[in-house]
Amino acid sequence: MALVILTSIATIFFIDWAQSVLLPLVIAVLISYSLDPVVSLFDRIRIPRPLSAALILMAFVSALAAASFPLKQETMAMLDKIPVAIKEFQRKEARAPREEGIMEKAQTAAKEIEASAKPDGQKPMSADDGVTPVRVIEKPMDIQEYVVKSSPAALVLITQCFSVLLMVYFLLSVGSLYRRKVVKISGPSFARMRKAARILDDLHHQIRRFLFVMVISAVFVGVVTWLAFLALGVEQAALWGVVAGVASAIPYVGPILVFLVSGGAAFLQFGELQMAIIVASTSLIITSVQGNMLTPWLTSYMSSLNAVAIFISLLFWGWIWGPAGLIIATPLLMIIKSLCDHVVNLRAMGELLGK
């Protein structure tokens with residue numbers, strides 16, 4: 001047991017230390033699985049895999065770039081309106097009659113108690129009694145300084161994106177080469193090779209099914225959120241649709257973030273708490289329909305994992321790899337459970353992860 005605990009701790013430290021290598025590799029594997037069916041279609045018409053992989057990858061990157069230009073304009077428009085909305089909200093708040101809150105009343109009462117507890121004739125010390133008043137002036141945020149400090153991180157991110165694209169191309173080019181190699185080295189007995197092939201088939205099926213469900217669910221959440229926000233009069237509804245669709249890939253955490261941020265944005269836009277509640281509740285209803293009705297109807301992969309295991313996986317991979325870890329936490333947990341179900345010594349772990 002002590003050896004298992006020490007090995008687990010060492011593995012966690014290694015995963016954190018090798019993040020710059022492991023994270024792009026995992027993301028590249030998932031993207032290659034999602035694009036592999038399209039490359040397989042080109043195989044049927046006798047087009048070489050390296051050529052078809054390059055064409056599909058170029059089309060994939062071009063589609064992302066083409067979609068980013070309208071979103072950039074939507075984002076810039078939203079950023080331009082945030083200061084105006086905040087000033088308008090402050091102006092309304094200044095005109096409205098201000099009611100004393102609980103904390104302010106408690107503070108006033110405490111001052112009265114303190115004054116009554118002092119001896120007669122003793123008055124509180126003021127600035128005229130030889131005490132120099134001090135005023136703390138906060139330094140305003142320098143965007144240029146922030147960009148300069150963040151440039152190394154941005155360079156690392158660009159390098160990792162380029163590495164992911166190259167890895168996806170190589171994985172699509174080789175096809176099932178590594179799958180055949182894994183089956184071959186699992187021998188020499190035919191039973192072990194068949195078991196390895198069965199495990200790989202199950203992993204292949206699980207990842208394909210998860211990616212299919214994730215894409216369909218994201219499209220559903222994005223389109224419905226866009227139409228609902230457009231009907232409610234929310235500005236930049238298309239941008240909110242994209243944000244909601246991407247956030248739907250993160251179970252539990254993504255819908256909550258969209259719920260809070262969309263409610264805050266609606267409050268800044270309309271200046272009314274009622275509209276903020278309506279907009280936030282609309283996003284929550286859409287993600288609830290997606291998580292509780294659409295996803296189980298499309299596939300039963302959620303039934304093989306319990307909610308506690310998924311939430312712990314989100315906490316762990318989010319702590320190790322940040323926002324990207326939140327997105328890949330569920331497919332990694334599915335892979336781990338599939339391996340545990342096929343390995344006799346790990347079936348107890350698979351039982352803990354399942355329902």
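Data table
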| quantity | calculated |
| --- | --- |
| Equivalent ellipsoid, the stretch 220-355 (semi-axes from 5 times Cα gyration tensor eigenvalues, Å) | 34, 14, 11 |
| Built amide H within the under 5 Å cut-off of residue 305, gap 5+ | 355 |
| For peptides 339-352, 244-257, sequence by mean Cβ density within 10 Å, most packed first | 244-257, 339-352 |
| Rounded FRET efficiency, nearest 0.05, which uses the C-beta distance separating residue 212 from residue 232 and R0 of 30 Å | 0.45 |
| 12 Å tail of the calculated P(r), the stretch 303-355, as % of Cα pairs | 60 |
| Environment charge of residue 194, counting only residues whose C-beta is closer than 15 Å and scoring Lys/Arg +1, Asp/Glu -1 | +4 |
| Cβ-based net charge around residue 305, under 11 Å, with every Lys or Arg adding one and every Asp or Glu removing one | +2 |
| Local electrostatic count at residue 53 - Lys and Arg +1, Asp and Glu -1, tallied over other residues with Cβ under 12 Å | -1 |
| Surface share of carbon and sulfur [accessible, 1.4 angstrom probe, percent] for the stretch 180-270 | 76 |
| Backbone HN-Hα couplings from phi across the stretch 155-160 [Karplus 6.51/-1.76/1.60, Hz, Gly and Pro as x] | 5, 5, 5, 5, 5, 5 |
| Radius ratio Rg over Rh of the stretch 168-261, counting only Cα atoms, Kirkwood formula for Rh | 1.26 |
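The values are calculated or read from the model by the stated rules, or taken from the named source; none is laboratory data. All of these numbers come straight from a predicted model, not from anything done at the bench. Ideal geometry is used to build each Cβ from the backbone, glycine not excepted, and the neighbour counts take in all protein chains shown. Each accessible area value is taken on the protein alone, full model and side chains, heavy atoms only, with ligands, DNA and RNA left out. Shrake-Rupley method; radii C 1.70, N 1.55, O 1.52, S 1.80 Å.
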